[in-house]
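A short worksheet on the structure shown next.
The values are calculated or read from the model by the stated rules, or taken from the named source; none is laboratory data. What you see is a predicted model; the values in this text were computed from it and never measured. Neighbour counts are summed over all protein chains in view; Cβ atoms, including those assigned to glycine, are modelled from backbone coordinates with ideal geometry. Accessible surface is based on the protein model in full, side chains and every heavy atom, while ligands, DNA and RNA are left aside. Shrake-Rupley method; radii C 1.70, N 1.55, O 1.52, S 1.80 Å.
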Amino acid sequence: MGYTIGEVANITGLTAHTLRYYDKEGLLPFVDRNRAGNRDFKQSDFEWLAVITCLKHSGMPVREIKRFIDWCMEGDGTLHERLEVFRNHKRVVESKIAELRKHMEKIDYKIWYYESAIEAGTEAIHKDQSCLLAEDAFRKDLFKGQTTSGQDRGQDLDQDRGREKTEPVQ
């Protein structure tokens, strides 16, 4: 006995609307239909859905997922292409993770900034210090002398932003 779209939605956390959309876009060619024409999901379809969900949630466009699914349906002749899909997508995801880490550094710095200002009772403790220099000091303390790159990150950030070190950013 198979699973209905509602049961699959409950099990996977995907909405029935999303499952119908995936089917309409050609991402679910492996899903059978019952005599009434309704989708009849099998246990093995859950692994497919897990891969589709992983790729979609990690930023792969639907058309690229469809191409991957199509290659899967073609069989072993597309193994190399499918491997390249995952290698390329891994690079994209790694880049996004690196970008998120940079954002997290800024968030951590701002938490420290406001915690120390609250502790001192004023933001004035930071007024004579460039925000970027303070971020560098914060990072060095956070990473115990290790820098996030081989160079002074503050300089790199200033050059990227076209700012002077003395310009405070809050």
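The table below lists the values:
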{"quantity": "Which listed residue is more than 27 Å from F30 (Cα to Cα) and among the charged types (D, E, K, R), from K106, K90", "calculated": "K106"}
{"quantity": "Every pair of residues 6+ apart whose Cβ atoms lie under 6 Å, when the first sits in segment 49-72 and is modelled with pLDDT of 95 or more while the second is polar (S, T, N, Q) and assigned to a helix (DSSP H, G or I)", "calculated": "L49/T12; W71/T78"}
{"quantity": "Selection status of E164, modelled with pLDDT under 95, over 30 Å from S58 (Cα atoms) and open to solvent by 100 Å² or more (accessible area, probe 1.4 Å)", "calculated": "yes"}
{"quantity": "Single match in D40, D70 (criterion: open to solvent by less than 70 Å² (accessible area, probe 1.4 Å) and either in contact with a His (Cβ under 7 Å, 6 or more places away or on another chain) or not in a helix (DSSP H, G or I) (or both))", "calculated": "D40"}
{"quantity": "Which listed residue is closer than 23 Å to D136 by Cα and surrounded by 14 or more Cβ atoms within 10 Å (Cβ to Cβ), from Y114, Y109", "calculated": "Y109"}
{"quantity": "Matching residues, segment 77-94, being open to solvent by less than 70 Å² (accessible area, probe 1.4 Å) and either touching a Phe, Trp or Tyr at 6+ places or on another chain (Cβ under 7 Å) or of a type in the set (D, E) (or both)", "calculated": "T78, R82, V85"}
{"quantity": "Within segment 43-64, tally of residues that are within 19 Å of A16 (Cβ to Cβ) and either hydrophobic (A, V, I, L, M, F, W, C) or open to solvent by 70 Å² or more (accessible area, probe 1.4 Å) (or both)", "calculated": "9"}
